[in-house]
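Below is one structure. I have some questions about it.
The values are calculated or read from the model by the stated rules, or taken from the named source; none is laboratory data. These numbers were taken from a predicted model, which means no experiment stands behind them. Every residue, glycine among them, receives a Cβ derived from its backbone with ideal geometry; neighbour counts consider all protein chains shown. Protein only, heavy atoms only, side chains kept; ligands, DNA and RNA dropped before computing areas. Shrake-Rupley method; radii C 1.70, N 1.55, O 1.52, S 1.80 Å.
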Amino acid sequence: MPVSTLPARNALDAVLARLRKAAADASRPQPPRLLAVGKRHPAEAIAALAAAGQRAFGENYVQEAAGKIEALAGLDLEWHLIGHLQSNKAKQAAALFDWVQTVDRMKLVDALSAHRPAARDALNVLVQVNIDDESSKHGCAPTEVPTLVAAIRAAPGLRLRGLMAIPAPHAEPSRRREAFARMRRLFDTVAGQDPAIDTLSMGMSDDLELAIAEGATMVRVGTALFGARLSR
Ligand SMILES: *Cc1c(COP(=O)(O)O)cnc(C)c1O
């Protein structure tokens, strides 16, 4: 029996309204793209959101994503990897995804480039930046961005689209906003090199307004669309 799409449609409408309002409040001409993060939600929940009109979906784990991508093939969805990528999974990721947002080291650039199937379009890539210098977080240091950017732009099979970050979850909005602003400055430097570099991925369910105020062009939203995640 098909899952009812009405709750999904209502949740999607509410999030899209938040994006429009945040963009208007920031005097931005258009809202950012919405990436729906379906980790630890079943393929049926993603199908319901797709039926409501959402096209781009983010997943954190290659193995979990593989099952969903296979189950939902035919819906013509766009799949983004947003979780840490181990080098030994790079080959599988290069074949499965349309975007990898978590490229943070040279080894991954080489592996993704080597394994992107020739029959597919270039893999869209974002450099993940550890903007708050947290030892617990993946992502490259801001100082490493130019080297990675140059390598990705030179790599066959990859298309550099921009930067991604997960700032530290400071309770004070001003500190989160300050991290988003630092990302924006880094992004402006990189984007000045190439008009294809059009994506600054930052902001989640709790802080997407702050991220949009600082120039996010893509926000990654899980809980506000799908509800609480199942524990794993
Ligand atoms: C889970 C996750 C999100 C979505 O988080 P919510 O708070 O549920 O919106 C966004 N980005 C990344 C990298 C995530 O792992």
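Per residue, how big is the convex hull around the C-alpha atoms of the chain? Give it to me in cubic angstrom, could you?
Output value, Cα hull per residue: 128 Å³.
How big is the accessible area of Ile131 in square angstrom, nearest 10, if you roll a 1.4 angstrom probe over the protein chains?
Roughly 20 Å² of Ile131 is accessible to a 1.4 Å probe.
Keeping every protein chain in place, order Glu44, Glu78, Glu209 by accessible area at 1.4 Å, biggest value first, i.e. largest first.
Numbers: Glu44 105, Glu78 50, Glu209 75 Å².
I get Glu44, Glu209, Glu78, largest accessible area first.
Now, a different point. How much net charge surrounds Pro117 when only the other residues with a Cβ under 13 Å from the Cβ of Pro117 are counted, with Lys and Arg +1 and Asp and Glu -1? Working shown, then result.
Working: positive: Lys91, Arg116, Arg120; negative: Asp98, Asp121.
My count for the surroundings of Pro117 gives +1.
Here's another thing I want to ask about it. Take each uninterrupted DSSP H stretch in the chain, measure its Cα extent along the helix axis, and return the ones at 18 Å or beyond whose mean Kyte-Doolittle hydropathy is at least 0.0. Kindly include the intermediate steps, with their values, before the conclusion.
Working: long enough: 6-25 (28 Å, 0.12); 173-191 (26 Å, -0.85).
Those that clear 18 Å and a mean of 0.0 are 6-25.
What percent antiparallel are the DSSP beta bridges of the chain, to the nearest 5? Working shown, then result.
Working: 0 of 27 bridges.
So the antiparallel bridges in the chain amount to around 0 percent.
For Lys137, give me every one of the lysines with a C-alpha distance below 21 angstrom, ignoring sequence neighbours fewer than eight places off in its own chain.
Candidates past the 8-residue exclusion: Lys39, Lys89, Lys107.
Now a separate question. Work out, step by step, the length gained on full extension between Ala71 and Ala171: first 0.36 nm times the residue separation, then minus their alpha carbon distance; give nm to one decimal.
Details: separation 100, 0.36 × 100 = 36.00 nm, distance 3.84 nm.
Extra length available between Ala71 and Ala171 comes to 32.2 nm.
Let me ask something else about it. Could you state the accessible area per residue of region 73-219 in Å², with a 1.4 Å probe and every protein chain left in place?
44 Å²
Still on this model: Would you compute, from DSSP H runs of 4+ residues alone, the mean residue ellipticity of the chain at 222 nm, taking -39500 (n - 2.57) per run and dividing by the full residue count, rounded to the nearest 500?
Roughly -12000 deg cm²/dmol at 222 nm, from the helical runs in the chain.
With a 1.4 Å probe and every protein chain kept in, tell me what percent of the accessible surface of region 81-225 is carbon plus sulfur.
So the carbon and sulfur contribution to the accessible surface is 51 percent.
Got a sec? What order do Asp188, Asp133 fall in by accessible area at 1.4 Å, biggest, i.e. largest, first?
Output order, biggest surface exposure first: Asp133, Asp188.
Let me ask something else about it. So if I place +1 on the C-beta of Lys and Arg and -1 on the C-beta of Asp and Glu, and nothing else carries charge, what would the dipole magnitude of the chain be about its Cα centre? I want it in debye, nearest 20.
160 debye
Okay, next question. Taking only protein heavy atoms into account and a 1.4 Å probe, give the accessible area per residue of region 17-64 in Å².
Here the residues of region 17-64 average 45 Å² of exposed surface.
Further question on the same structure: Local charge sum around Leu16 (other residues, Cβ-Cβ under 12 Å, Lys/Arg +1, Asp/Glu -1)? Don't skip to the end; give the middle numbers.
On the way: positive: Arg9, Arg18, Arg20, Lys21, Arg33; negative: Asp13.
Taking every Cβ under 12 Å from that of Leu16, the sum is +4.
Moving on to the next point. Got a sec? Charge dipole of region 3-224, +1 on Cβ for Lys and Arg, -1 for Asp and Glu; which of Leu19, Ala151, Gln30 is way out at the positive end?
Ala151
Protein chains only, probe 1.4 Å: how do His170, His138 rank by accessible area, largest first?
Solvent-accessible surface, decreasing: His138, His170.
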